[in-house]
């Protein structure tokens, strides 16, 4: 499905960074998530509320990308307030091209809006399948779309049929949720109690449909192993045997990745200022990073060093952060969500914005996520231009 932003350029420019871009698909041919199509509404287009421009844009989009299965028209302000006849246009274009054209009320990041589009599309164009003995429900929200794609891929490999719930990445067959045999929830650690996060979507679905709930964590290779085994334990020996085969095959893949990337990261310093669980740090340990936190960092000789100024993440001080960075000279900073911008201001390598990385938990899920993380770290930390460019602001010396 193509996404066409109906409005001024800029309002929806953030959206591509949160759309899933599955690896191995040719953009513009097999997938359209990296494209940002926009009608670019200007004052001269307001006489007919932008209707003519929307019609031309849909015609051009289907002419340029004939392999697309359909389009979603995301209406930005102020088109929703100008009396635009968007429903008539999308209905007519849907009939003309014999493909679904869905209108969203506005371009937002709210999971509810994404779910509404998925429900509408599923109800019209998706075939409702019957109960499946190997179907598992995966509830999640927009921020996790790419990571859950990795998890769903693994579940298919072990012989299960994942049903994605509340996703803005595809029109999931939500009607199948009642036929699932298991609901999967995501946590930052292994071994949480069953009553963990009682307000979560996974808990609600478990209660509504009376299906068992399994909490999982895919933050690292070992956590992925344990989670796949916990899921497989809910099914028969056939699924369990396939699970062990998938784990064994990916263990060889992880070993090959470590043989390639660990020499590049050995003894480099990564620091984090929030209390990250060990499952989130395992990937960096496997790659050979020294790991520091707000209380200090290990030097290259292994001696623990402490910062000259206390850094409190609950009340962060720019001066304390700069002093820490000047003393420790980290190669990579693991930031908490929007703090990434502060680190980038003074030239530090940080996690990229991508649907394959969790900005809330600073993690990449599953074996595929570990491979993506290693490659992105290599590009960020090992970029030769970092040694050639000096920041245009005063740098505090240690």
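Can you give me the distance in nm between label points at residue 301 and residue 378, each placed 7 Å from the Cα along the Cα-to-Cβ direction?
3.3
Could you tell me the calculated FRET efficiency between residue 189 and residue 156, based on Cβ-Cβ distance and R0 = 30 angstrom, to the nearest 0.05?
On the way: r = 25 Å, r/R0 = 0.84.
It comes out at approximately 0.75.
Contour minus end-to-end for residue 388 and residue 207, with contour as 0.36 nm per residue of separation and end-to-end as the Cα-Cα distance?
Extra length from residue 388 to residue 207 when fully extended: 59.4 nm.
With each pseudo-label sitting 7 Å past Cα toward Cβ, what's the residue 200-residue 132 distance in nm, one decimal?
Distance between label points: 2.3 nm.
Once the piece of chain linking residue 285 and residue 234 is laid out straight, how much longer is it, given 0.36 nm per residue of separation minus the C-alpha distance between them?
15.2 nm
Going by average Cβ density within 10 Å per residue, which order do the peptides 201-214, 179-192 take, highest to lowest? Let's see the in-between values first.
On the way: 201-214: 16.1, 179-192: 19.5.
So the order, starting with the most tightly packed, is 179-192, 201-214.
Taking the Cα-to-Cβ direction at residue 96 and at residue 241 and moving 7 Å from each Cα, how far apart do the two end points lie in nm?
Taking the simple label geometry, residue 96 and residue 241 are separated by 5.6 nm.
Coordinate-derived values only; no laboratory data. Quick caveat: nothing in here was measured; it's all calculated off a predicted structure. Glycine gets a Cβ as well: all are built from the backbone with ideal geometry, and neighbour counts include every protein chain shown.
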